[in-house]
Amino acid sequence: MARRIPEEVLKAIEDAVRHRAEGANARDIASALPADLPLRTLQYRLKYLLDADRLVKEGEGRWAKYSLPPAVLQGDLAARPIEVEGEAEIAIPLSPASGDIRKYLRQPPANRKPTGYNPAFLDSYRPNASFYLSERERVHLAKAGKSNFDRQLAGTYAKQILNRLLIDLAWNSSRLEGNTYSLLDTRRLIEFGEEAAGRDHLETQMILNHKDAITFLVEAANEIGFNRYTVLNLHAILAHNLLPDEAAAGRLRHIAVGIERSAFHPLEIPQLIEEYFDQILATAAAIEDPFEQAFFVMVQLPYLQPFDDVNKRVSRLSANIPFIRSNLSPLSFTDVPRSIYTDAVLGVYELNRTDLLKDVFIWAYERSAARYAAVRQSLGEPDPFRLQYRDALRTIVSAMVRERMNRKTAAAHIATWTQKNVHPDEQVRFREMAESELLGLHEGNFARYQLRPAEFAAWRKVWTGSAS
């Protein structure tokens, strides 16, 4: 007969999990326990707690993270707020319908009704006739997200705030997946390439993938849309080096998948997955309102689970496609609680109800829009000429620094490059702008050219040494 595990030992494991709002992996739990425990013994005890519905697991293998069940978490939240980056979490106002969804999901999965993919949920939606968001909600969001860039080229606004958007969206989207990088660690990684000590390399990879995916959407703003090119490549970038089968990055799912601690069973037939994936894209592309379009994708893409993994990440970044193209405020999911977001997605999976996800979407967009309105105000009105040549300026300045050009060589390089690449009527102004930018480069601003500290230091030594 197997020996009974002492209750105080089980409670110690629960306490170790309770103190990590983002979820704890086996290593986190082991380090928090008062006594050393063999990994195999810990895994046995974790399985016991899972079977007893005292813990919830997300992910498998080295990605596995453990948290308390929703019902227990609710008790914790009632007693004390979760803290995000040292500040108390602000509650999202929820409708009664959303409260009903959360109440239903507090039941153990075994007590909830098993459900599979419901094609009628997609088939019943008619672009520009069916709406998840009411007219009042769409008008409200349009007012909140409006910028001064609406008549500029697609992606102009996102490019203007790109440095901040990369950090905000990469961190928040990764955080919603259980990534333990702090906001400051994320900033150091994105701006300087500094990997945080003590973090799993997979967490680093996740954030770098977000950075590349966001850059892809912004830089290709004129080409992206709800089509296979955009969404498949977006998945390939987000899933890079994270899947057991690397060939699955950017490829529709051929295998069965399960949703941990859920009563939902995703579709398993590859031909139908492809058919409904194409239908989702065609429907999304036909929707005229950018906010309805964004929310439709957040609802339908994860519900289909078209990829082996990384589906929610694809939906969160895809939701920004209409905002980037229309020069509206982006959606960075700032401060969205992970537990509420998870419940919102499960509400779609198990009940085909969008109420809770809609509450999260509207609250998150209002918060993001307010943040970027403040950013826009601090940046002032942009110079249209500088915006037009932003990419060219970054290319030429970063190249001169990396090649360690002195003043004479740099001046000649700017003149030659300008003559070949800039319209004759604008060459003098561009050359002056490039020279001014190079002269004004210092340790506090070189990161905007995606330069590393070592590259800047090496160039600066040559540049100051060549002064005459």
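Here, each number is a calculation from the coordinates, and none is a lab measurement. Being a predicted model, the structure only gives us computed values, none of them experimental. In this analysis, Cβ positions are derived from the backbone assuming ideal geometry, glycine residues included, and neighbour counts consider all displayed protein chains.
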Applying 1/(1 + (r/R0)^6) with R0 = 41 Å to the Cβ-Cβ distance of Ala26 and Asn352, what FRET efficiency is obtained, to the nearest 0.05?
0.75
Sites Thr215 and Leu184 - FRET efficiency at Förster radius 22 Å, r taken between beta-carbons, to 0.05:
0.60
What relative contact order, as a whole-number percentage, does the range 238-281 give when Cα pairs under 8 Å and 6 or more residues apart are counted?
26 percent
Restricting to lysines and to Cα separations under 29 Å from Lys408, and discarding same-chain partners fewer than 8 apart, the set is Lys420, Lys461
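List the GluC sites (Glu not before Pro) in the range 404-445 that DSSP assigns to loop (not H, G, I, E or B) and whose Cβ has at most 13 other Cβ atoms within 10 Å. Which are they? Walk me through the numbers before you get to the answer.
Values: sites: Glu426, Glu432, Glu435, Glu437, Glu443; in loops: Glu443.
Filter output for the range 404-445: Glu443.
Give the relative contact order (percent, whole number) for the range 99-379; include only Cα pairs under 8 Å separated by 6+ residues.
Details: 400 pairs, mean separation 80.3, N = 281.
Relative contact order comes out at 29 percent.
Note the full-extension length gain between Tyr44 and Asn118 as 0.36 nm times their separation in residues minus their Cα-Cα distance, in nm to one decimal.
Details: separation 74, 0.36 × 74 = 26.64 nm, distance 3.66 nm.
Full extension from Tyr44 to Asn118 adds 23.0 nm.
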Virtual spin-label span in nm between Leu202 and Arg404, 7 Å along Cα→Cβ:
4.1 nm
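Full extension from Arg126 to Lys11: what is 0.36 nm times the residue separation minus their Cα-Cα distance, to one decimal in nm? Working shown, then result.
Working: separation 115, 0.36 × 115 = 41.40 nm, distance 5.08 nm.
Length difference between fully extended and current span is 36.3 nm.
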Pair Glu260, Arg452: separation of 7 Å Cα→Cβ label points (nm)
3.3 nm
Show me 264-272, 233-241 ranked by packing, highest mean number of other Cβ atoms within 10 Å first.
233-241, 264-272
Could you tell me how many degrees, from 0 to 90 and to the nearest 10, lie between the Cα long axis of helix 228-238 and the main elongation axis, the longest principal axis, of the Cα atoms of the chain?
80 degrees
Compute the long axis of helix 135-145 from its Cα atoms, compare it with the longest principal axis of the Cα atoms of the chain, and write down the angle in degrees, 0 to 90, nearest 10.
40 degrees
For the chain, take the longest principal axis of its alpha carbons; what is the angle in degrees between that and the long axis of helix 201-219, to the nearest 10 within 0 to 90?
50 degrees
When you count, for each residue, the other Cβ atoms within 10 Å and take the mean per peptide, how do 320-330, 137-147 rank with the highest first?
320-330, 137-147
Chain lengthening between Ala52 and Glu426 when straightened (0.36 nm per residue, less Cα-Cα):
127.5 nm
Which order do the peptides 387-396, 253-262, 355-364, 175-184 come out in when sorted by mean C-beta neighbours inside 10 angstrom, highest first?
355-364, 175-184, 387-396, 253-262
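Counting Lys and Arg as +1 and Asp and Glu as -1, what is the net charge of the other residues whose Cβ lies under 11 Å from the Cβ of Gln205? All intermediate terms of the calculation are to be shown ahead of the outcome.
Values: positive: Arg199, Lys211; negative: Glu195, Asp200, Glu203, Asp212.
That sum, taken over residues with Cβ under 11 Å, equals -2.
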